[in-house]
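Below you'll find the structure, written out as structure tokens, and then a few comments.
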Amino acid sequence: MIPSKEISRLLEIMAALRDPQTGCPWDIVQDFESIKPYTIEEAYEVADAIERKDFDDLCDELGDLLLQVVFHARMAEEAGHFAFGDVVEAVTAKMIRRHPHVFAVSDADNPDAVKKQWAEIKAEEKAARAARRKERGLDADEPKGLLDGVPRALPGLTEALKLQEAAGRVGFDWGAVGPVLDKIEEEIGELREAIAAANQAEAAGELGDVIFALANLGRHLKTDPENALRGTNTKFRNRFAHVERRLAETGKTPEQSDLEEMDGLWDEAKSLGIGKDKPA
């Protein structure tokens, strides 16, 4: 079998890998649960390649992520649930349906209006899906509360953002940044109290409240908190790498240095603008 730019070849390869008689022993025994961690990992590796602006890697990582989609679709087809073609049909139909301002007639002519329209269409889709499942004698499997539609498996900051967005759509939100900043200061005060009381469990809870409030600030600033934090992580990596390089020039490692020396080199990295190309 030779490589190809056609998606059909990838589907053929996955079918061959899963063949019970002639396939790969590892691929054959996999199921949805065992593959799930790899799917999440590949999505993060795509994000990493984007942040590094490494388009060679991005091409490879997108392929790995696509393979995960094909893998799940193949297992679903074997179980009689759906096939890869159904996945493609479902997403193309969804994109057409959710973009009436492109493929039909709509008054949504700015990003906020499009986002509102998107949410309304998603709600209609969920209701239709629940009706279809009911007709088939299946549990509606629809959220019972407003926030039940937010997946718990999301990264913490992303889940916080989604929860806040959902609550905000029904008016449970501040209309300005000022009260959000006040809430952050309030939560920091409560964290200080928990720390002073040497209450580890309470401090952990209050720390979570601070982070949740900071995520809300990011939303009000129209800055994704997950991306903001990852940008700062990259900045930290770059600045600490500078500290290591400068220490190496004197024949030292970080373990042979001390906080005062490393802090001085850190300030040097900041003064040189290292990391400024990433969001702080």
Legend entry - ³J(HN,Hα) computed for each position of the range 233-238 - Karplus, 6.51 cos²θ - 1.76 cosθ + 1.60, integer Hz, glycine/proline x: 4, 5, 4, 4, 4, 5
Inset, instruction - Compute the acute angle (0 to 90°) between the alpha-carbon long axis of helix 111-135 and the principal axis of greatest extent of the alpha-carbon atoms of the chain; round to the nearest 10°. - result: 50 degrees
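Give me Lys36, Lys144 ranked fewest to most by other Cβ atoms within 10 Å of their Cβ, as a rough exposure proxy.
Listed from fewest to most nearby Cβ atoms, that is Lys144, Lys36.
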Legend entry - Spatial separation of Cα centroids for the range 133-188 and the range 224-280, in angstrom: 35 Å
Inset, instruction - Output ³J(HN,Hα) for the range 192-197: one whole-Hz value per residue in order, computed from phi by the Karplus curve 6.51 cos²θ - 1.76 cosθ + 1.60 with θ = phi - 60°, and x for Gly and Pro. - result: 4, 5, 5, 5, 4, 7
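Under 8 Å for C-alpha pairs, at least 6 residues apart: give me the relative contact order for the chain, rounded to a whole percent. Each step should come with its number before you reach the end.
Working: 179 pairs, mean separation 25.2, N = 280.
Contact order relative to length: 9 percent.
Quick note: the coordinates plus some simple rules give every number you see, no bench work behind them. Note that this is a predicted model, so its numbers are computed, not measured. Because the Cβ atoms are built from the backbone with ideal geometry, glycine has one as well, and the counts that use them run over all protein chains shown.
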